[in-house]
Every structure is written in structure tokens, then in C-alpha cells.
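Peer 1: I am attaching a structure below and will ask some questions about it afterwards.
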């Protein structure tokens with residue numbers, strides 16, 4: 001198999017998988033909610049731009065964008081675990097494959113910059129004296145930072161190198177020297193080129209691909225159940241100790257298991273935290289409309305209950321709870337989800353009251369409890 005054939009096969013397979021889950025996500029209710037949040041955020045941002053004056057430090061925001069874009073990096077290599085056996089004899093012939101992987105990750109890093117740059121550029125041109133040449137240079141410099149962030153992870157180069165160069169470029173923008181930022185980012189690309197691998201680091205690239213796939217599946221799991229998602233866990237000692245202090249008896253074994261898995265899994269408590277944060281942002285954006293704030297509480301709480309159902313089924317499969325001769329798994333599952341939903345409802349309600357201050361928002365909490373019970377009975 002040639003490098004070109006291998007690349008085409010792996011790339012097409014990966015894109016087909018992403019397209020499949022993207023379609024599932026597009027048909028889910030959560031995505032429409034996210035669209036609504038984004039659209040409403042654009043309306044609020046438009047109002048903010050209309051009220052802004054020339055004293056706003058737009059150069060500081062644009063300079064900070066360099067540091068932000070350098071902070072996130074992700075890579076795809078399209079290699080699988082079996083390649084450590086089947087590709088091992090062909091490593092010297094895969095130089096073309098390596099070039100394609102590098103070009104793909106560099107291009108993806110550049111594309112990732114477009115939306116943040118456009119969002120900040122609208123503000124930047126309203127507050128700073130600039131011209132089209134400076135804006136083009138700023139975009140190219142940011143695109144280089146995005147490409148460098150991905151390439152540094154691909155080549156196992158310390159992330160601090162990208163951070164330091166991006167900090168230098170950002171400072172130049174902050175002190176009104178944006179044209180020189182591209183010089184810094186060009187030196188960064190040269191540095192990464194000199195430090196790149198000359199041979200295919202097979203094991204490292206397989207691990208990077210698995211990490212990137214899991215990240216995509218974890219996002220997709222917000223919208224649709226992903227059966228082959230690799231479960232990730234964090235110890236979370238404080239929450240674990242709180243659960244262990246509860247006096248469980250033999251018939252409450254399932255409750256103990258569900259609670260421990262829920263707080264340790266990034267797909268359990270992580271999902272609740274993410275949706276709560278999105279809900280809080282939406283409440284803040286719609287703070288001037290009490291009814292919008294009110295219905296945000298059941299909307300995001302209901303989405304959480306909907307997403308927790310497949311998570312608890314995965315726990316049943318993982319822990320083989322059906323083999324335990326005592327306890328009621330179904331009853332315990334509902335109890336744990338009910339408790340998690342109630343805590344989220346309380347958090348969203350408190351946020352709504354603090355931001356909006358209207359008693360009517362508590363009606364949303366009542367509706368949220370009813371919605372949660374509907375999902376529990378399914």
C-alpha cells in the first residue's frame with residue numbers, strides 16, 4: 001500500500017464517521033438550542049458594538065486572541081492501533097503520508113482561527129485606526145499560531161514554545177505594532193520545522209489520533225448516544241468522600257455505584273457542568289427578558305436528563321449490574337438522575353434569580369422538575 005492510497009483510505013473513513021455523527025447531531029434537540037444561544041449571543045454582541053466608543057481597548061482584545069488561539073491544540077493522524085503491527089515494516093516509505101498529515105493539521109489550525117478573528121475584527125476596526133493591510137497581516141499571523149499549535153502537538157514539541165511566541169506577537173499588537181506580529185509567528189513556524197520528527201513516531205501518533213477521536217465523540221455524545229466512546233474518569237477525591245460518608249445498606253448498592261461513576265466520569269458530571277455553564281451563559285444573555293430566562297431553566301435541565309439516560313445504561317453494561325442478586329437497578333438509576341437534575345435545577349434557578357431578579361423565573365424551576373420526571377418515567 002502506497003502513502004497516497006493509505007492517506008485516502010484513512011481520510012475518507014474518518015470523514016465518513018464524522019459525517020454520520022454530524023447528521024445525528026443535526027437532528028437532535030440540543031443542537032437547535034445551541035443555535036438559538038449563538039444567534040441570541042450575536043444579537044447581544046451587535047447591541048454592544050453599537051454602543052461601543054473609541055476608548056474601548058480593542059487592541060488588547062486582539063492581542064489576547066493570539067494567546068487564546070495558542071492555548072488550544074488538536075491533531076489528527078488517522079492511524080489506528082493495529083498500525084503498530086501492519087505499518088511497522090513500511091515506515092521508511094511513509095514520508096509522503098507524514099507530509100499529508102502535517103499539511104492537514106496546519107490547514108485545520110488555520111481554518112479554526114477564522115470565526116474568532118472575524119468576531120474580534122468587527123470590534124477592532126471600530127476602536128482602532130487600521131487598514132486592510134494590517135487586518136490581512138493580523139489574520140495571517142493568527143493563522144500561523146493556529147497551525148503552529150497543532151503542529152507542535154504533532155511533533156511532541158513543548159507547548160510553552162508556542163505560548164511564548166504567541167505572547168510576543170500578542171504584545172506587539174497591544175502596543176500598536178500589528179505589522180510586526182507576522183515576523184514573530186514566522187520565526188515560530190521555522191522553529192517547529194527545525195524540530196520536527198524525521199521518522200514516523202508511530203506509537204505517539206496512534207495515541208494522538210485516539211485522543212482526537214475521543215474528543216470528537218465526547219462532543220457528539222452531548223447530542224446523541226455514542227456507543228464506542230472511550231470512558232474517561234477523574235478521581236475527584238472530595239466528591240468521592242462525600243458519597244462514601246453516606247451510610248448505604250445492601251439494597252442501596254446500585255445507588256452507590258451510580259453515584260461513584262457519575263461523579264468520576266467526565267461524561268457524567270462533566271456533561272452536567274457543561275450544560276449548566278451553557279445555560280448560565282444563555283440566562284445572562286437573555287437577562288432583560290424574564291420569560292426567556294424562565295424557560296431556559298427547563299430547557300437545559302431537560303437536556304441534561306435526556307443525556308444522562310444513555311450514560312446510566314452504559315454504567316449497567318460496564319459494571320454488569322444485572323448480575324447482582326439484590327437491589328433494584330431501575331429504581332436506583334432514577335433516584336440518582338433525579339438528584340443530579342434537582343441540583344442542576346437549583347443551580348440554574350439561583351443564577352436566574354441573581355441575574356434577572358424576577359420571581360417569575362422560579363416558575364421555570366417547577367416546569368424543569370416536571371420535565372425531569374417525564375424523562376425518568378420513560
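Peer 1: Is it the case that residue 141 is at pLDDT 85 or above and more than 27 Å from residue 217 (Cα to Cα)? Please lay out each step first, then the result.
Peer 2: Working: at pLDDT 85 or above: yes; more than 27 Å from residue 217 (Cα to Cα): yes.
Spelling it out, residue 141 is indeed at pLDDT 85 or above and more than 27 Å from residue 217 (Cα to Cα).
Peer 1: Further, regarding this structure: How many residues does the range 152-162 contain that are in contact with a helix residue (DSSP H, G or I) (Cβ under 7 Å, 6 or more places away or on another chain) and either outside the structural domain of residue 98 (by TED's automatic domain parsing) or surrounded by fewer than 15 Cβ atoms within 10 Å (Cβ to Cβ) (or both)?
Peer 2: Residues meeting the conditions: 2.
Peer 1: Please list, ordered by first then second residue, the pairs with beta carbon atoms under 7 Å, 6 or more apart or interchain, first in the range 151-168 and on the phi > 0 side of the Ramachandran plot, second assigned to a helix (DSSP H, G or I).
Peer 2: 156/204
Peer 1: Additional query: Out of everything in the range 119-135 that is farther than 18 Å from residue 169 by Cα and in a helix (DSSP H, G or I), what residue ends up being nearest to the chain's Cα centre (by Cα)?
Peer 2: If we take residues in the range 119-135 being farther than 18 Å from residue 169 by Cα and in a helix (DSSP H, G or I), then 119 is nearest to the chain's Cα centre (by Cα).
Peer 1: Quick one: which helices (runs of 4 or more DSSP H) sit completely within the range 1-111 and have at least 1 residues that are over 30 Å from residue 161 (Cβ atoms) and at pLDDT 85 or above?
Peer 2: 3-26
Peer 1: Applying the selection to the range 344-365, what residues are within 27 Å of residue 259 (Cβ to Cβ) and modelled with pLDDT under 85?
Peer 2: Passing the criteria: 364, 365.
The values are calculated or read from the model by the stated rules, or taken from the named source; none is laboratory data. As the structure is a prediction and not an experimental result, all values here were calculated from the model. As a convention, Cβ positions derive from the backbone with ideal geometry for all residues, glycine included, and neighbour counts pool all protein chains shown.
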